[in-house]
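The structure appears below as structure tokens.
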Amino acid sequence: MTMAEDKKAAEELSAAEVAKAKAEIQEGAEDEFVDAVEDGKEKTFEVTSEELSVIRAELACEFPDDYNYLSDDYVLSVASKPYSKDMTKRRPLEYTMEKLSHVMEWREESGAVTMRDMLDLANGPDTATEAVENPDRFTKAKALATSLNYGSMYWHGIDTEGRPVLWIRCGRMPWYPDVEAQVNALILLADTGIKCMPKGVTDFVVISDSNSPPPPNPQFMINVLKALVRGYPDRLALLISAPVGSIIQFIMKLLIPLMPGRLASKLVLADAEEGKKKIQEILLNGEDDVPTFMGGTCNHDELYPTEGYCPNRGQGNLKFDFYGMEERLQKVIQEYTGNKE
């Protein structure tokens, strides 16, 4: 299939799915990205320690296996926002609980709570046994590892505010992705970055090297947007995409009408020069953190080479250095928080 045929198929799919996708994305999340802004600052209200304790107790009761996923900082961030029906007041506690419960329910439905176990399974050592005893689970775990092995998504470094930075290498994305496995890989990565966040930080930055992307897969993009809105509300601080060509423009044309509220304002589409300048401004070490593939000197490929240059990390299918990535991110954040004390 040619690129032109891929694009035509994508356009047909998007036309057929857009109404359904928009309804699914916005269901129960109509104001997840609504803010009250005064003098350039987000308006928030006080949440007492007693109220925080009540919220945490209810979460622990409803979601005993996963309630610690939500940090106190994130719960306070959600609870302190203005109420969408009256922006002069804080969200009622019941409303906050409803929003947080939606996130936790999505995590159960999407399998997010078991994604780390799936990765460990894919990496061995009991892969042969699992392949025989639970072939469906093993197939899903293997597909997750395969998606990570492309090296197209990874955490590396932080910005000047201590927010983890997720890098997306569009040129490494598969032309014909396993949509479920790719979304699962992104969920696993998102949870890993969130777990590593320093105290006081509740969101992250995404920087996309958008040079030479594969033909757009609308279903993958729609599923990613669903995950972002339903599972990670208020988590994306900024997304910078550069350089922007016709394919990225097509993807944005598809996605922006589906986005609730102010989410679209968090997207920065730039040419190569502007993109380099923007990321230089936000990365912790400025110019020294700009990667070689975006015109800088920091060589990410030493740590995250393409799959052909990666050894197996265990006794299974994982080649991407997931555990090393996690350790490096934790180290950078520890150094950052130590320097601030």
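The values are calculated or read from the model by the stated rules, or taken from the named source; none is laboratory data. What you see is a predicted model; the values in this text were computed from it and never measured. Note that we place each Cβ from the backbone using ideal geometry, even for glycine, and neighbour counts take in every protein chain shown.
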Expected output for segment 300-316 (first residue free of Cβ contacts under 8 Å to residues at least 24 places away in the same chain, partner loosely packed, with under 12 Cβ neighbours inside 10 Å, Cβ below 9 Å, 6+ apart or cross-chain) is Asp301/Tyr309
Filter result for Lys226 (charged (D, E, K, R), in the same structural domain as Leu284 (by TED's automatic domain parsing) and buried (at least 17 other Cβ atoms within 10 Å of the Cβ)): yes
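Just to confirm my filter: which helices (runs of 4 or more DSSP H) fall fully inside segment 87-165 and include at least 2 residues that are in contact (Cβ under 8 Å) with a residue 12 or more places away in the chain? Before you say what the answer is, go through the steps one by one.
Values: elements: 93-110, 115-122, 127-133, 135-149.
Filter on segment 87-165 gives 93-110, 115-122, 135-149.
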Of everything in segment 229-262 that's at pLDDT 85 or above and more than 16 Å from the chain's Cα centre (by Cα), which residue is surrounded by the fewest Cβ atoms within 10 Å (Cβ to Cβ)? Pro243
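Going by what's in this entry, would Val201 be described as within 30 Å of Ser84 (Cα to Cα), assigned to a loop (DSSP other than H, G, I, E, B) and β-branched (Val, Ile, Thr)?
Details: within 30 Å of Ser84 (Cα to Cα): yes; assigned to a loop (DSSP other than H, G, I, E, B): yes; β-branched (Val, Ile, Thr): yes.
It is true that Val201 is within 30 Å of Ser84 (Cα to Cα), assigned to a loop (DSSP other than H, G, I, E, B) and β-branched (Val, Ile, Thr).
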Find the residue count for segment 60-85, including only residues that are in contact with a Ser or Thr (Cβ under 8 Å, 6 or more places away or on another chain), part of a helix (DSSP H, G or I) and small (Gly, Ala, Ser). 2
If Ile207 passes every condition in (1) within 14 Å of the chain's Cα centre (by Cα); (2) in a helix (DSSP H, G or I); (3) touching a residue at least 60 places away in the same chain (Cβ under 8 Å) but one, which one does it miss? (2)
Per the filter on segment 268-299, residues without any contact (Cβ under 8 Å) to a residue 12 or more places away in the chain and touching an Asp or Glu at 6+ places or on another chain (Cβ under 9 Å) are Thr292, Thr297, Cys298
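Within segment 135-155, is there a residue that is within 23 Å of Asp72 (Cβ to Cβ) and in the same structural domain as Asp289 (by TED's automatic domain parsing)? Write out each step before concluding.
Initially, segment 135-155 is screened for residues within 23 Å of Asp72 (Cβ to Cβ), giving 155.
Next cut, in the same structural domain as Asp289 (by TED's automatic domain parsing) only: 155.
Yes, the conditions are met somewhere in segment 135-155.
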Asp321 passes all but one of (1) over 21 Å from the mean Cα position of the chain (by Cα); (2) crowded, with 16+ Cβ neighbours inside 10 Å; which number fails? (1)
